[in-house]
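The values are calculated or read from the model by the stated rules, or taken from the named source; none is laboratory data. Note that the coordinates shown come from a computational prediction; the quantities given were computed from them, not determined experimentally. Glycine gets a Cβ as well: all are built from the backbone with ideal geometry, and neighbour counts include every protein chain shown.
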Amino acid sequence: MTTHALFTLLDLIGTFAFAISGAVAAHQKKLDLFGVISLAYVTACGGGIIRDICIGAIPPAGLSDWRYLVVAVIAAGLVISMNALVRRLSHPVLLFDAAGLSFFAVFGAHKTLQFGHGIGAAIILGTVSAVGGGVMRDLFLNRTPVILQKEIYASAALFAAAFLAIAEEVGWSLQWVPWTAIALCFAIRYLSLRFNWNLPRFSDDKAERG
Amino acid sequence: MTTHALFTLLDLIGTFAFAISGAVAAHQKKLDLFGVISLAYVTACGGGIIRDICIGAIPPAGLSDWRYLVVAVIAAGLVISMNALVRRLSHPVLLFDAAGLSFFAVFGAHKTLQFGHGIGAAIILGTVSAVGGGVMRDLFLNRTPVILQKEIYASAALFAAAFLAIAEEVGWSLQWVPWTAIALCFAIRYLSLRFNWNLPRFSDDKAERG
Amino acid sequence: MTTHALFTLLDLIGTFAFAISGAVAAHQKKLDLFGVISLAYVTACGGGIIRDICIGAIPPAGLSDWRYLVVAVIAAGLVISMNALVRRLSHPVLLFDAAGLSFFAVFGAHKTLQFGHGIGAAIILGTVSAVGGGVMRDLFLNRTPVILQKEIYASAALFAAAFLAIAEEVGWSLQWVPWTAIALCFAIRYLSLRFNWNLPRFSDDKAERG
């Protein structure tokens, strides 16, 4: 399997996992068929579209490549027709989701650098590629984005994007840099799920006493 | 009346109907004067602005053509000063809204193709042109976008955008293609209002039993 | 102090005040560390990023200049570690916020004109530069944007952007134009806070009786 094929595979796996998460959330809120497909698509492609608009990659890949829309439609169809099954598979879906998170963060940071922008932009836009779709899903469903509230999710993406951006700027253009970044992000995310790690949160009370 | 004048007329009618819907929603939520004008403008121009950003039409038409802002201010003024009248006219406003929906979907798909992008982008961005403003209105008013929940609204726009995009790609550059697409979308929307058609929705219970 | 240094100072003061307001709101909603930093950054830079995307200034300044992210991180750190102190300083923070509002409105309108766009775009995007971040903060926190509901806030920004845009188009390229616009916006905002001025709001009852 060539590197390019592996990249495409990871991209589609991540897109699929994100689309499933959007479709499940839309289905729970009892949206109609159009709503479920839209939310699957937005969750899967929203982050990448924001990244592409910001770096000047027009039209955004999520719009110009028809495969993303097909993946979203398939995910929506699966969730609608086999909802009970999808729920039982929530554990593998979480693993796919972690793979998508890792891949999107690293690929997003890489694409930003390739379009000639700086490290700062690469770190922010790598993170946005990975978590932007989930944030849009939550906004559409009228709730505060989960990733801003708990779990080590966005921070794992941020770490991977920063690792990739700094390594590429330093000149480590070796093959293994993106794979290491992806593996690190996946490991952090997996362990935080496994052991229920969280970033610190600050209640007003504690802060006032402190 | 030339085709161009008819296009401009449909554009302004649609903009006006969308602005009315934004202003009415803002007024019901008791926003202040600035809030009512902003929501009228965002509902009328939001979808087109997202489309123009995605296809690289900078600056977006909603920003560069002062007539859109004027239409939004007039709609806001009407809603504020003649609220009772506007409510009594809700039926004609729904017809104007259906005209706007049809025109924006078809024109959005056409503009996307003209900027050199593919069929997939044209279908998605035609739909976004037509429904994006309404989605932004609902996000600002802190509710799940209505178009994701019920009624054949976004799907009528999607159908018209797809019809136009496929016909233009196949090479039917005949004059009647856009008008047919507009008429079809308007008819679908009108009939769904008249007979209360909806897309299927899926309750969790049913899905689990199924 | 040169004009350029003064501009930079005002820009950073405004960014800091906006970041504080985002971090305080995120902290109150008990978001985690990543959430507090994200909301500080989005509130400070969101409006400018939308403006830059619309005028074609790619990549947006909020992404390419690392100082904005640093300011957001510092503001988040202050709010987390010294929450009681920040609350006691709410009065100076409001003054900084008014300075930021004035500067962003005027600078946003100026930058839009410099990129070759018209007066209408300059007025709208000047206002968006000043209030867009606050709107995004409120969307993320799942509430209707405050600026659409009450207080003379967005309207002060709109006034300053319009003053600057019209003066520049008329050809008054004199040094004092931006400073006058900034001073006017700051004064309007300060007086509206001091005397609790509001734009008119329209209850449905009154409107129906009228």
Quiz item: Just to be sure, is C:Ile58 surrounded by fewer than 24 Cβ atoms within 10 Å (Cβ to Cβ) and either within 9 Å of another protein chain (Cβ to nearest Cβ) or at positive phi (or both)?
Solution: yes
Self-check item: Hits in segment A:123-144 - residues which are basic (Lys, Arg) and within 7 Å of chain C (Cβ to nearest Cβ)
Solution: A:Arg143
Quiz item: Does segment C:57-78 contain any residue that is small (Gly, Ala, Ser) and within 11 Å of the chain's Cα centre (by Cα)?
Solution: no
Quiz item: Could we say that B:Val93 is β-branched (Val, Ile, Thr) and either surrounded by fewer than 20 Cβ atoms within 10 Å (Cβ to Cβ) or more than 11 Å from every other protein chain (Cβ to nearest Cβ) (or both) here?
Solution: yes
Quiz item: Residues of segment B:149-189 being closer than 20 Å to B:Gly133 by Cα and either in contact with a strand residue (DSSP E or B) (Cβ under 7 Å, 6 or more places away or on another chain) or in a loop (DSSP other than H, G, I, E, B) (or both), which ones?
Solution: B:Gln149, B:Lys150, B:Glu151, B:Ile152, B:Tyr153
Quiz item: Would you say B:Ala165 is more than 30 Å from B:Leu31 (Cα to Cα) and surrounded by 23 or more Cβ atoms within 10 Å (Cβ to Cβ)?
Solution: yes
Quiz item: Restricting attention to segment B:68-77, does a residue exist that is out of contact with any Leu (no Cβ under 7 Å at 6 or more places or on another chain) and at positive phi?
Solution: no
Quiz item: From the list A:Gly133, A:Gly116, A:Gly100, which one is within 26 Å of A:His4 (Cβ to Cβ) and over 16 Å from the mean Cα position of the chain (by Cα)?
Solution: A:Gly116
Quiz item: Scanning for something in a helix (DSSP H, G or I), modelled with pLDDT of 75 or more and more than 17 Å from A:Gly108 (Cα to Cα), does segment A:193-206 turn up at least one residue?
Solution: yes
Exercise. Could you tell me whether B:Gly35 is under 30 Å from C:Ile58 (Cα atoms), surrounded by fewer than 24 Cβ atoms within 10 Å (Cβ to Cβ) and at the interface with another protein chain (Cβ under 10 Å from one of its Cβ atoms)?
Key: no
Quiz item: Does segment B:104-141 hold any residues that are touching a Lys or Arg at 6+ places or on another chain (Cβ under 6 Å) and not small (Gly, Ala, Ser), and which are they?
Solution: B:Leu125, B:Val128, B:Leu141
Practice problem: Tell me which of these C:Ala109 doesn't satisfy, since it passes every other one: (1) farther than 17 Å from C:Ala183 by Cβ; (2) buried (at least 24 other Cβ atoms within 10 Å of the Cβ). | Solution: (1)
Quiz prompt | Condition met for A:Gly120 (facing another protein chain (nearest Cβ under 9 Å) and either surrounded by 24 or more Cβ atoms within 10 Å (Cβ to Cβ) or closer than 21 Å to A:Leu164 by Cα (or both)) | solution = yes
Self-check item: Residue pairs meeting the criteria (Cβ under 7 Å; at least 6 apart or on separate chains; first more than 10 Å from every other protein chain (Cβ to nearest Cβ), in segment A:74-88; second surrounded by 12 or more Cβ atoms within 10 Å (Cβ to Cβ) and not small (Gly, Ala, Ser))
Solution: A:Ala75/A:Phe16; A:Ala75/A:Ile20; A:Ala76/A:Val36; A:Ala76/A:Ile37; A:Leu78/A:Val86
